[in-house]
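Before any comments, here is the structure.
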Amino acid sequence: MDIAQFLVQVLNGVQYGFLLFLVASGLTLIFGIMGIINLAHGAFYMFGAYVAFWLTGVTGSLAAGILLGLPFIIAIGFLIERFAISFLYSRDHLYQVLLTYGLILIFNEMQKILWGTDFYSVPVPEVLSGSIPLTENQAYPVYRLFISLVCLGIAASLYLVIGRTRLGMMIRAGASNREMTQALGVDITKVFSVVFSLGAALAAFSGMIGAPVSAVYPGMGDHILIISFVVVVIGGIGSIKGAFIGAMLIGLADTFGKVLLPELASMTIYALMALVLLWRPQGLFGRPAT
Amino acid sequence: MTGPWPLRLTLLAAVGGLAVFPWVGDPFYVELVIHLMILGIFAMSLDLLMGYTGLVSFGHAAFFGISGYLLALMTPESGGLSIWLALPVCLAGTAVAALVVGWFSVRTSGIYFIMITLAFAQMAFFFFVEHQDFGGTDGLFVADKPFVGFGGWQLLDLRDEHSFYFFTLGLLVVTYLLLAMILRAPFGQVIRGIRANEARTRALGYPTQRYKLISFVIAGTFAGLAGFLEAAHTEYVSPSHLGWHESGLVLMYVILGGMGTLYGPVLGAFVMGLLHDQFQDLTEHFNLVMGFFVIAVVLFLPDGVAGLVARLGRARGGGPADPPR
């Protein structure tokens, strides 16, 4: 592996890590603040990708597809929180796992009814379809770089919103002590609605912007869900910083695993997770269990 | 059998009903009930972990699948292997796998335990998917059913559907009795203690990690028994046997049936399995119906089917009390 190849792999790993971060940050926020294990989170990613495929076909532009599709998915997320998840706040995690498992069954079947079982692809937008030459025979596609930059922007704004705004303060307070936050007069149910819809939006956006580099196919939500859980568990549940570090670790481990150990590629990330949990059972940035 | 006498009678009647079923039931349903009984064994094994030890494993299907793969790999093309060799090897192999996974996993708890068991199951899943020696995504065929007998003398012909039925029913009852015995023994009291309050159980001087590990290995081994039966019955094993959908399904049987009752999860497996079969005939989108069904159960039947039965029993002024929680 020469230096240019190595650089390409690093960039690919980072770009994959960024997409994972968008999905995993929603998952970790929903768990950390609402105490909900949301197995249906991957479904938002999948629906994002399918909606992007559909609306890009209709409007001819991915950007338009994203702008039109996002509010739609946010609305679905809001309704699900209101009419299903909100009954489970005081129940055991087990029932949350079960209910959201039921949601997965429904979503996957809806996807089959609406779009069938074919694989689709979304074209890369014209302006971003070029590539940057690295050496004589190595180039890096502009669109992948664009994904990384957009995701970096979102990660930064997420960091600012959570660290610097009043809403962020409520979210952090809700994560550390729900009852006390409520006692101080914060309407925690509204915060929950916002967090859940935000999580759905982040996952859907990740699916939309990632659609041109990965195919759009049935079961893509399940795949990303499991990997996002690995990210969240490595980083420590509820920690955004942890989700970021975890996503980068998994993105790079997966990319380099495929290059260096192709026969064990899919196992590398799970092995990494087992190692991290052995070393720190609560994840890299998680609070120790009480 | 354990428990109050109305429950014992009901369970005996259920076993009696299952015992006469092959003579009255349609061959298709005999086949289906074999499958449901196997899932019942599988679900009971998970109940030992979830309902009694308080460990929610999201990777229990790994042991189900590993056992099936062991059988498929061991069985020669030339004909059935003696069950006295096949079954112990499958169970021992699964127990070793459970020991390794458990050794890592019992150090964590709660959501982390859920995730680490899932991670190990995914590792096993991808291991079998990516190795062509193990059939890759296509899976493996089991060349022939195991041979039950001594020397050349055959005790039971598993190729015969009725014989396989009674073989499975026998093992279902044996599994129930063995697990009930384990739970009545001091060991069972300790793991219940761990579920109720681990710190206090540890303070009483019990090495709780070791107890959790032993419980994990026992549960894994019984899942291996179910996997052995499934592979022998269908003569086929594939990576989907150890996928996370399978782990999710068995979790659902346990919760749906009612955790911490042993017979509840078997009931859950039967209810879900039959519904699955019925919806499959009605509509190709049966997963949609199953999804709504699961959500309805979570929202309206918090203690599962066994809890509903107990509640109805209480409403009539009798029946078993709520299990302690």
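The values are calculated or read from the model by the stated rules, or taken from the named source; none is laboratory data. If you're wondering where the values come from, they're calculated on a predicted model, not measured in any experiment. As a convention, Cβ positions derive from the backbone with ideal geometry for all residues, glycine included, and neighbour counts pool all protein chains shown.
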Legend entry - Output for the range A:45-74, where each listed residue is touching a helix residue (DSSP H, G or I) at 6+ places or on another chain (Cβ under 8 Å) and within 20 Å of residue A:30 (Cα to Cα): A:45, A:46, A:47, A:48, A:70, A:72, A:73, A:74
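Let's see how each residue does on (1) within 14 Å of another protein chain (Cβ to nearest Cβ); (2) under 20 Å from the mean Cα position of the chain (by Cα); (3) under 15 Å from residue B:234 (Cα atoms):
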{"residue": "B:117", "(1), (2), (3)": "yes, yes, no"}
{"residue": "B:125", "(1), (2), (3)": "yes, yes, no"}
{"residue": "B:150", "(1), (2), (3)": "no, no, no"}
{"residue": "B:161", "(1), (2), (3)": "no, no, yes"}
{"residue": "B:174", "(1), (2), (3)": "no, yes, no"}
Inset, instruction - Kindly check whether there is at least one residue in the range B:198-208 that is surrounded by 18 or more Cβ atoms within 10 Å (Cβ to Cβ) and of a type in the set (A, V, I, L, M). - result: no
Inset, instruction - Scan the range A:236-258 residue by residue and report those that are modelled with pLDDT of 90 or more and under 14 Å from the mean Cα position of the chain (by Cα). - result: A:242, A:243, A:244, A:245, A:246, A:247, A:248, A:250, A:251
Inset, instruction - Confirm whether residue A:196 is away from chain B (no Cβ under 11 Å) and under 16 Å from the mean Cα position of the chain (by Cα). - result: yes
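Go over the candidates A:137, A:108 one by one and state the one that is farther than 26 Å from residue A:191 by Cα and within 18 Å of the chain's Cα centre (by Cα). Write out each step before concluding.
Details: A:137 fails: within 18 Å of the chain's Cα centre (by Cα).
When all the criteria are applied, what remains is A:108.
Condition test on residue A:26, is it within 14 Å of chain B (Cβ to nearest Cβ) and within 23 Å of residue A:162 (Cα to Cα)? Quick ask: steps written out before the conclusion?
Numbers: within 14 Å of chain B (Cβ to nearest Cβ): no; within 23 Å of residue A:162 (Cα to Cα): yes.
So residue A:26 does not fit the description; no.
I'd like the residue in the range A:111-129 that is farther than 14 Å from residue A:56 by Cα and aliphatic (A, V, I, L, M) and, out of all such residues, is farthest from the other protein chains (Cβ to nearest Cβ).
Step by step, filter the range A:111-129, then rank; the result is A:127.
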Inset, instruction - Could you figure out which of (1) more than 18 Å from residue B:220 (Cα to Cα); (2) more than 12 Å from every other protein chain (Cβ to nearest Cβ) isn't true of residue B:94? - result: (1)
Inset, instruction - Check the range B:12-34 and report whether any residue there is touching a Lys or Arg at 6+ places or on another chain (Cβ under 9 Å) and touching a residue at least 24 places away in the same chain (Cβ under 8 Å). - result: no
Inset, instruction - Tell me, please, whether a residue that is within 10 Å of chain B (Cβ to nearest Cβ) and either among the hydroxyl-bearing types (Ser, Thr, Tyr) or assigned to a helix (DSSP H, G or I) (or both) can be found in the range A:234-252. - result: yes
Legend entry - Matching option when the condition is crowded, with 24+ Cβ neighbours inside 10 Å, of a type outside the set (Val, Ile, Thr) and in contact with a Ser or Thr (Cβ under 8 Å, 6 or more places away or on another chain), among A:42, A:26, A:17: A:42
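Residue-by-condition table, conditions (1) closer than 19 Å to residue A:265 by Cβ; (2) within 14 Å of another protein chain (Cβ to nearest Cβ); (3) at pLDDT 85 or above:
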| position | (1), (2), (3) |
| --- | --- |
| A:181 | no, no, yes |
| A:191 | no, no, yes |
| A:200 | no, no, yes |
| A:203 | no, no, yes |
| A:213 | yes, no, yes |
| A:218 | no, yes, yes |
| A:227 | yes, yes, yes |
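Just to check your reading of the model, which residue among B:256, B:242 is closer than 30 Å to residue B:91 by Cα, touching a helix residue (DSSP H, G or I) at 6+ places or on another chain (Cβ under 9 Å), surrounded by 24 or more Cβ atoms within 10 Å (Cβ to Cβ) and facing chain A (nearest Cβ under 9 Å)? Break it down stepwise before answering.
Values: B:242 fails: facing chain A (nearest Cβ under 9 Å).
So the residue among B:256, B:242 that is closer than 30 Å to residue B:91 by Cα, touching a helix residue (DSSP H, G or I) at 6+ places or on another chain (Cβ under 9 Å), surrounded by 24 or more Cβ atoms within 10 Å (Cβ to Cβ) and facing chain A (nearest Cβ under 9 Å) is B:256.
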Legend entry - Candidate set from the range A:91-110 (those that are aromatic (Phe, Trp, Tyr) and closer than 12 Å to residue A:225 by Cβ); member that is farthest from the other protein chains (Cβ to nearest Cβ): A:107
Inset, instruction - Would you mention how many residues in the range A:71-90 are touching a residue at least 40 places away in the same chain (Cβ under 8 Å) and at the interface with chain B (Cβ under 7 Å from one of its Cβ atoms)? - result: 0
Legend entry - Residue within the range B:65-78 that is within 14 Å of another protein chain (Cβ to nearest Cβ), of a type in the set (Phe, Trp, Tyr) and surrounded by 20 or more Cβ atoms within 10 Å (Cβ to Cβ) present: no
Inset, instruction - Look at residue A:67 and say whether it is exposed (fewer than 15 other Cβ atoms within 10 Å of the Cβ), at pLDDT 90 or above and within 14 Å of another protein chain (Cβ to nearest Cβ). - result: no
Inset, instruction - May I ask you to say which residue of B:220, B:260 is in contact (Cβ under 8 Å) with a residue 24 or more places away in the chain and in contact with a Pro (Cβ under 7 Å, 6 or more places away or on another chain)? - result: B:260
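Show me the helices (runs of 4 or more DSSP H) found entirely inside the range B:1-99 where at least 2 residues are under 21 Å from the mean Cα position of the chain (by Cα) and under 16 Å from residue B:213 (Cα atoms).
Working: elements: B:5-24, B:27-47, B:61-74.
Fully inside the range B:1-99 and qualifying: B:27-47.
Would you mind finding the one in A:39, A:68 that is touching a residue at least 12 places away in the same chain (Cβ under 8 Å) and farther than 19 Å from residue A:112 by Cβ?
Details: A:39 fails: farther than 19 Å from residue A:112 by Cβ.
Exactly one of A:39, A:68 is touching a residue at least 12 places away in the same chain (Cβ under 8 Å) and farther than 19 Å from residue A:112 by Cβ, namely A:68.
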Legend entry - the range B:98-108 - residue that is facing another protein chain (nearest Cβ under 7 Å) and either without any contact (Cβ under 8 Å) to a residue 60 or more places away in the chain or crowded, with 20+ Cβ neighbours inside 10 Å (or both) and, of those, farthest from residue B:199 (Cα to Cα): B:104
Inset, instruction - Could you list, in sequence order, all residues of the range B:147-170 that are in contact (Cβ under 8 Å) with a residue 12 or more places away in the chain and either out of contact with any strand residue (DSSP E or B) (no Cβ under 7 Å at 6 or more places or on another chain) or more than 26 Å from residue B:37 (Cβ to Cβ) (or both)? - result: B:159, B:161, B:162, B:164, B:165, B:166, B:168, B:169
Inset, instruction - Could you list, in sequence order, all residues of the range B:76-119 that are under 30 Å from residue A:237 (Cα atoms) and among the charged types (D, E, K, R)? - result: B:107
Inset, instruction - Go through the residues of the range B:294-309 one by one and say whether even a single one is in contact with a Ser or Thr (Cβ under 8 Å, 6 or more places away or on another chain), within 11 Å of chain A (Cβ to nearest Cβ) and modelled with pLDDT of 75 or more. - result: no
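Is there a residue being more than 14 Å from every other protein chain (Cβ to nearest Cβ), farther than 19 Å from residue A:32 by Cα and part of a helix (DSSP H, G or I) anywhere in the range A:261-281? I'd like the intermediate steps shown before the answer.
First, the residues of the range A:261-281 that are more than 14 Å from every other protein chain (Cβ to nearest Cβ): none.
There is no residue in the range A:261-281 that is more than 14 Å from every other protein chain (Cβ to nearest Cβ), farther than 19 Å from residue A:32 by Cα and part of a helix (DSSP H, G or I).
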Inset, instruction - Evaluate the range B:249-256: report whether one residue or more is touching a His at 6+ places or on another chain (Cβ under 9 Å) and β-branched (Val, Ile, Thr). - result: yes
